[in-house]
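The values are calculated or read from the model by the stated rules, or taken from the named source; none is laboratory data. Because the structure is a prediction, the values reported are computed rather than measured. Neighbour counts are summed over all protein chains in view; Cβ atoms, including those assigned to glycine, are modelled from backbone coordinates with ideal geometry.
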Amino acid sequence: MFDKIKKIPSYLKSINKRINKIGLLNTLKEIFKYNSFYYKLLKKNGVHVGYKTILFHTAFYTKIVNLFSDISTNELIKIIPRSITHGIYEKIKLNRKDITYDKYKMYERMSNNGINIPEIFLITENNSRCIVTNKTFEELKMISEKSRILVKPRFANGGVGIHLLKQTDSILDNHIYQSFVYNHKDIIALQGSDFCGTIRYVIYNKSKSEKLPVAASIQMNGGKITDHMMNGGSFSASVDLETGKISTNGLDHLGNLFDSNPISGSKILGFQIPHWNKLLAIVEKTCNEYLELPLIAFDIAITDNETVILEINAGCGTVAAQFDKGWLNHPFVKDYFNLNNT
């Protein structure tokens, strides 16, 4: 809750920018129209909405108008909030907790089905009871003197709480300790940093025979441990779904556009993501193992030799992945939400 409160000044700053651009009355109308559209859409389809949903959509609105300074009100509606991707699961009454939210169970299932994931050294439960252990905590600290060990919360998202193991650390409850994944040398050169950046690949897993890509983007880490655009301050760019080439300029969390990465100086547009066919293959394999999940967002690391799934999400954040186009008319929305008379 404190983290959300800390963001209020940035929300107000974004709204003020919008007010300066289109006026106070038009801004208020726009906020109302955006909230009203998605409130009605969710409500009509049996998805629970309340004051928290309104507050969330208002906060989401401020992110959109900060990133898309020239967006029109009609275009704004097409940028769907996270509540839609999560609302699909509420509508079909699927509990995702033991499927993707619990990263231990997620990794266990993927590993058992031959899907490439990072090497897991240790996972803890409450009171630091180790439920999966390849190394003791003291052994891990010794290893971390020479190589990186990534520490991530077992129950979290958005890059929150991810850090590297340090010699002064104590073992943490409900955390996963895993090998650090290094990107392909071309991606490291593009980023100007050897912290891991990922490909966010969103797909509508309609059936075993029909899988409809939604969007793909590269998350460049910005020289920080996490590549999450809003929490890590990274750069995002859309990727062409067929070729795997970056198809837009880079965008940062302040809405600044870059034709070259400001850290590395490397040109962004047209960069070819390595091992694109391998990425498509691992996405399809994973989708077939998770046929109960209609919408999956992948976080995939590309290394020199392979693709590694860092995690999958049932439902997903939507800001960075939509910056070149909205998703309102995509089949995954049309199939689950009645858009007529909304």
The residue from 246, 199 that alone is touching a Phe, Trp or Tyr at 6+ places or on another chain (Cβ under 7 Å), modelled with pLDDT of 95 or more, crowded, with 21+ Cβ neighbours inside 10 Å and more than 30 Å from residue 127 (Cα to Cα) is 246
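Can you tell me which residue in the range 43-91 is farthest from residue 236 (Cα to Cα), limited to those that are free of Cβ contacts under 8 Å to residues at least 60 places away in the same chain, in a helix (DSSP H, G or I) and among the charged types (D, E, K, R)? Talk me through it step by step, then tell me what you get.
Filtering the range 43-91 for residues free of Cβ contacts under 8 Å to residues at least 60 places away in the same chain gives 43, 46-59, 61-62, 65, 70-74, 76, 83, 90.
Narrowing the set further to residues that are in a helix (DSSP H, G or I) leaves 43, 51-59, 61-62, 65, 73-74, 76, 83, 90.
Next cut, among the charged types (D, E, K, R) only: 43, 52, 90.
On the way: 43: 32, 52: 28, 90: 29 Å.
If we take residues in the range 43-91 being free of Cβ contacts under 8 Å to residues at least 60 places away in the same chain, in a helix (DSSP H, G or I) and among the charged types (D, E, K, R), then 43 is farthest from residue 236 (Cα to Cα).
Okay, residues lined up against (1) surrounded by 15 or more Cβ atoms within 10 Å (Cβ to Cβ); (2) at pLDDT below 95; (3) of a type in the set (D, E, K, R); (4) not assigned by TED's automatic domain parsing to the domain that holds residue 237:
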position: 148; (1), (2), (3), (4): yes, no, yes, yes
position: 165; (1), (2), (3), (4): yes, no, no, yes
position: 171; (1), (2), (3), (4): yes, no, no, yes
position: 190; (1), (2), (3), (4): yes, no, no, no
Exception for residue 121 within (1) surrounded by 16 or more Cβ atoms within 10 Å (Cβ to Cβ); (2) within 30 Å of residue 60 (Cβ to Cβ) falls at (2)
Log entry, pairs with first residue in the range 162-174 being touching a residue at least 60 places away in the same chain (Cβ under 8 Å), second being part of a loop (DSSP other than H, G, I, E, B), beta carbons closer than 7 Å, six or more apart or on different chains, reads 162/225; 162/226; 163/225; 164/148; 164/225
